[in-house]
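Here the structure is laid out as structure tokens; the discussion comes afterwards.
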Amino acid sequence: MILRPLQRPHPPLWYGITIPENADWPAANDVNIVTIALRPMVRVILDRYRAERARLGKTHIPFMGVARHVVVADTDEAALAIARRAYPRWRGNFRWLFARHGVEPRIAALYPPTFDQLAAIDNGVAGSPRTVRDFIAAEVKATGSNYFVSWLAFGDMTLAESLRSLELFSREVMPAFVSTRADAAQ
């Protein structure tokens, strides 16, 4: 069955990618992409996406995003305490159905047992606004992405923790990148 969006023009479309071979269709069809892959693979995926667009003579680059777990708090220690507590709950919920059927998710290596292990593979960050800004800047530099998807509420984070993380992210992290994107568009 092929469904067509009622809204015209249709809302922006996003396509999730974890392997480079899946970058061709969204590149050809002007679809934004987002990935949960790790940095080295993200670079390969985005390079393939760009190359396919160039091969087709498409000069505009849609959003190319990367998604990561993010906790922002007033200090690195406070953010890590939240992330270390909340992440295992999220991971348990993520893996619950797979475990029930005795299988491992294909992407199991992306989500190790602890937040410290997740951070060690650069698949998440918990820290002060400066720590999170530095992480995102490194992510953009290493991957060539132009969009960052933050998972600011996960596991058993309280509403207050999630809202504080969001507040700090929007007030003290995002401004460092919003102007960069606007400058790049000019």
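What follows is calculated from the coordinates using simple rules that are stated; it is not laboratory data. Since we're looking at a predicted model, the values are computed, not measured. Methodologically, a virtual Cβ is constructed for each residue, glycine included, from the backbone with ideal geometry; neighbour enumeration extends over all protein chains shown.
Working ranking of peptides 90-98, 124-132 by packing, defined as the average number of other Cβ atoms within 10 Å per residue, highest first, is 124-132, 90-98. Derived value for the chain: Kirkwood hydrodynamic radius 17.8 Å. Basis is the mean of 1/r over every pair of different alpha-carbon atoms. Taking the Cα centre of the chain as origin and assigning +1 to Lys and Arg Cβ atoms and -1 to Asp and Glu Cβ atoms, the resulting dipole is close to 500 debye. Between 0 and 90 degrees, the angle of helix 175-185 with respect to the longest Cα principal axis of the chain falls at about 10 degrees. Over the chain, what relative contact order in percent results from Cα pairs under 8 Å that are six or more residues apart? Averaging sequence separation for qualifying contacts and normalising by length gives 25 percent for the chain.
Think of it as helices only: each DSSP H run of n ≥ 4 in the chain is worth -39500 (n - 2.57), and spread over all residues that comes to -15000 deg cm²/dmol at 222 nm. Angle between the Cα long axis of helix 129-143 and the longest principal axis of the chain, 0 to 90 degrees, nearest 10? It is inclined by approximately 30 degrees.
So how tilted is helix 39-55 from the main axis of the chain? Cα-based, degrees 0 to 90, rounded to 10. Compared with the principal axis, the helix lies near 20 degrees.
Expressed as a whole number of Å, what is the distance separating the alpha-carbon centroids of region 60-97 and region 1-59? Distance between centres, Cα-based: 24 Å.
For region 148-154, backbone phi angles converted through the Karplus equation (6.51, -1.76, 1.60; θ = phi - 60°) give residue-by-residue couplings of 10, 9, 9, 8, 8, 9, 7 Hz, Gly and Pro being listed as x. Between Tyr147 and Met64, Val66, the built amide H atoms are under 5 Å apart, and every one of these is 5 or more places off in sequence or on another chain. Backbone amide hydrogens, once placed in the peptide plane, bring Ala73 within less than 5 Å of Ala79, Gly127, Ser128, excluding anything fewer than 5 places away on its chain.
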